[in-house]
Amino acid sequence: MIKLNHDEHPIFGYTVSVTVGALLTTLVLMLCLALGPGLPGHPTISVGFSSPAIMSLRLTRVAAAAIVGAALALSGVLLQGLLRNPLADPYVLGISSGGAVGVMAWIVISSTFGAAILANPWLAQLFRYGQTLPALCGSLLACTVVYFLGQRKGQIDPLTLLLAGVVLGAICGGLIMLLQNLVPYGAKANLLSYLFGYISEGTPTLVLWIGLVVLLAGWAMALNLGGALNIAALSDVEAVSLGVRLGRMRMLAFFCASFLTAGSIALAGPIGFVGLICPHICRMIFGPEHRRLMLIAPFVGAIFLMLADTFVRITGSWFGGELPVGVVTALCGGPFFLYLLSRRRVWE
Amino acid sequence: MRPLPTADSLSLNMAVEDVSFGYGVQPVLRQVNAEFPSGQVTAVLGPNGSGKSTLMHILLGFLQPQAGVVRLGGRSLTQVPERRRASQIAFVPQAPTVGFAYTVEEIVLMGRWPRRGADGPLHAALGLTGADDRAAATQAMWDLDVHHLAGRAFGELSGGEQQRVTIARAVALDAPILLLDEVTASLDLWHQLEFLACLADLAHQRGRCVVWITHDLNQAHEYADRVVLMNAGQVVAQGAVKSVLVPEILEAVYRVKVDPAGKALRFLRKSPA
């Protein structure tokens, strides 16, 4: 394990981690900006900075990928710590299914009342954000339901929370199938593209800024909870004996993770694997200490998703259309993760 | 294990007054009154299911009594803020559990969590331990003979080693009150005797209040100053060891017969060379 001198001089170690992480992320961001697809029909890649209009579109997309990747990785660290379960990922609590129901409901409403909505300037304005708002509403609704169902004796209980999330996910699956029967055939493709996750050039700048603010706020809050999450890896009795207010800590960690996940679902749909493997990779390399993980994992998530999305963007002409980025995260991240798994010494 | 440095005399006592508790409708503790004075080792004895561990969970504030009061140095425990309570009461569980692959050093440092943030505002915001905490953790690892395991993952250790690491975590806090739930069960003989001597030292030399749940009556007889004997959720007898651990009481509580001519093997620490 790499310790980066965290134990002797924690603040110095953290500063080094953040500086190295930020530098690497910036480098990868520049690289991703410079890469673009070749001419249609030619399996080539163009390298270099082109016209400002194209660069602006690229920047939007790469920045969205970085924000979503960082948010998912951070949410994964929080949820794995909260649930004391290294198999947890940001979607384990049914949040993505809630988002999908929101999008599905939006498709049903827009395909039924489309003309009436566009006639109203207010509603038409909301429509400009496409699936962002319905996905956000659906995810947040799912979080709220899971939060209230996941309590025992007035406090969040990790096992009850997990069960509530899994069951809610199943219920949402049923709802999606039900709503699907109400949609005209042509609109179904919208849902499919949402379910695979897609990072768009068309994300409004305001939405990106909001995403960045949510990410930074969540990051600060997560770091503040990190020490308590370490102690909560012990039994409940031991954690309470050491003065951790478990109920409060779990509530904050849950909401922090939920907002980060809901935000990333709203921006890009449920992109799989980033939130599961980035925390794992960091834990294997840097150990399980949560504050250290929280500082490093978001950079790893941002870099991973920027690279995956750039791959999708520049290889569009090879596959006769862009692949969903979730396909790449699973196909690249999965085998790499299995390789790390086969090399690890201690099963946690 | 090295002898503990004799320095401060942090002393604080605990007591429970008319404490009752139950899980659901099943009563576990019924109007329990007990005292745990500072400067003494109080052994809590009793058959399985007599409510010893529940009483300990109430003492450390994990469970709230349904009736009665827990007193920490004369104050009601409910009026003591969490962090203050945590820095005054150290606890060692029966079976330590750790969710991720933390190293021994990280686990022992967790014991200093109630005293976190002493090195400045950034340390406080991140809940970081400082130089004093690392020194205390290192000392505790030496005391419990686990310093050579500092970099190992907790999950890789044997049961006895894990137990010693958990005891080191409690010792590192240097709290006036030490609660121990059947901690000697998985220790080998040498470590048991060393640990019990260390326990007696903490109470007698440094004025700590030690509460020790055990099933080993012989060890309780040898190392404890006071005994609280429980049965079916009630305190049957409490007081000086010699007045409580007598055949009549033990035969009634444990449903056994004491052999008056019984000869048990008796072990002593080797005197240091």
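Taken together, the values in this text are just the output of simple stated rules run on the coordinates, not laboratory data. What you see is a predicted model; the values in this text were computed from it and never measured. Backbone-built Cβ (ideal geometry, glycine too); neighbour counts: all protein chains shown.
For peptide A:279-290, how many partner chain Cβ atoms fall within 10 Å of a residue's Cβ, on average?
Details: counts 0, 0, 0, 0, 2, 1, 0, 0, 6, 8, 5, 1.
Per residue, the average neighbour count from other chains is 2.
Peptides A:204-211, B:22-29, B:209-216, A:324-331: what's the order by average Cβ count within 10 Å, highest mean first?
Ranking, from highest mean packing down: B:209-216, A:324-331, A:204-211, B:22-29.
What is the average number of partner chain Cβ atoms found within 10 Å of a Cβ in A:221-233? Write out the running numbers ahead of the final one.
On the way: counts 0, 0, 3, 4, 1, 3, 9, 2, 3, 9, 5, 1, 10.
Mean shielding count: 4.
Quickly rank B:171-181, A:23-33, A:54-64 as a protection proxy: mean count of other C-beta atoms within 10 Å, highest first. Spell out each step's value before the answer.
On the way: B:171-181: 24.5, A:23-33: 15.8, A:54-64: 18.5.
Going by the mean number of other Cβ atoms within 10 Å, highest first, we get B:171-181, A:54-64, A:23-33.
Would you mind working out the magnitude of the charge dipole of the range B:66-117 relative to its Cα centre, with +1 at each Lys and Arg C-beta and -1 at each Asp and Glu C-beta, to the nearest 20 Debye? Kindly include the intermediate steps, with their values, before the conclusion.
Working: 8 positive and 3 negative charges, 75 e Å.
Value, rounded to 20: 360 debye.
HN-Hα J couplings of the range A:211-221 from phi, Karplus 6.51/-1.76/1.60, θ = phi - 60°, integer Hz, Gly and Pro as x?
x, 5, 5, 4, 4, 5, 5, x, 5, 4, 5
Taking every DSSP beta bridge that has both residues in chain B, what percent is antiparallel when rounded to the nearest 5? Write down the numbers at each step before the final one.
Details: 21 of 38 bridges.
Here the antiparallel bridges make up roughly 55 percent for chain B.
Mean residue ellipticity at 222 nm from the helices of chain B, using -39,500 (n - 2.57) per DSSP H segment of n ≥ 4 over the full residue count, to the nearest 500 deg cm²/dmol? Don't skip to the answer; put the middle values down first.
Details: 10 runs with 91 residues, N = 273.
Rounded to the nearest 500, it is -9500 deg cm²/dmol.
For peptide B:104-114, what's the mean number of Cβ atoms from other chains within 10 Å of each residue's Cβ?
Values: counts 0, 1, 6, 3, 0, 3, 9, 4, 1, 8, 5.
Mean shielding count: 4.
Ignoring everything except DSSP H segments at least 4 long, calculate the 222 nm mean residue ellipticity for chain A; use -39,500 (n - 2.57) per segment, divide by total residues, nearest 500.
Values: 13 runs with 251 residues, N = 348.
So the helix-based figure for chain A works out to -24500 deg cm²/dmol.
If you bin the C-alpha pair distances of the range A:10-343 every 20 Å from 0, what whole percents do you get?
Percent of Cα pairs in each bin: 31, 57, 12, 0.
In debye to the nearest 20, how big a dipole does chain A give about its Cα centre with +1 on each Lys and Arg Cβ and -1 on each Asp and Glu Cβ?
Values: 18 positive and 11 negative charges, 36 e Å.
With only Lys, Arg, Asp and Glu charged at Cβ, the dipole is about 180 debye.
Compute the signed sum of charges (Lys and Arg +1, Asp and Glu -1) over the other residues within less than 14 Å, Cβ to Cβ, of A:Gly301. Spell out each step's value before the answer.
Details: positive: A:Arg283; negative: A:Asp89, A:Asp309.
So the surrounding residues net to -1.
Give the cross-link partners of B:Lys270 among the aspartates and glutamates, using a straight C-alpha distance below 18 Å as the criterion and excluding same-chain residues fewer than 8 apart.
B:Asp143, B:Asp145, B:Asp188, B:Glu194, B:Asp201, B:Glu222
May I ask what percent, to the nearest 5, of DSSP beta bridges between residues of the protein assembly as shown are antiparallel? Walk me through the numbers before you get to the answer.
Numbers: 27 of 44 bridges.
Rounded to the nearest five, the antiparallel share is 60 percent.
If we sort B:106-113, A:108-115, B:34-41, A:66-73 on the protection proxy, mean other Cβ atoms within 10 Å, highest first, what's the order?
Values: B:106-113: 26.6, A:108-115: 13.9, B:34-41: 19.4, A:66-73: 31.6.
Listed from highest to lowest mean packing, they are A:66-73, B:106-113, B:34-41, A:108-115.
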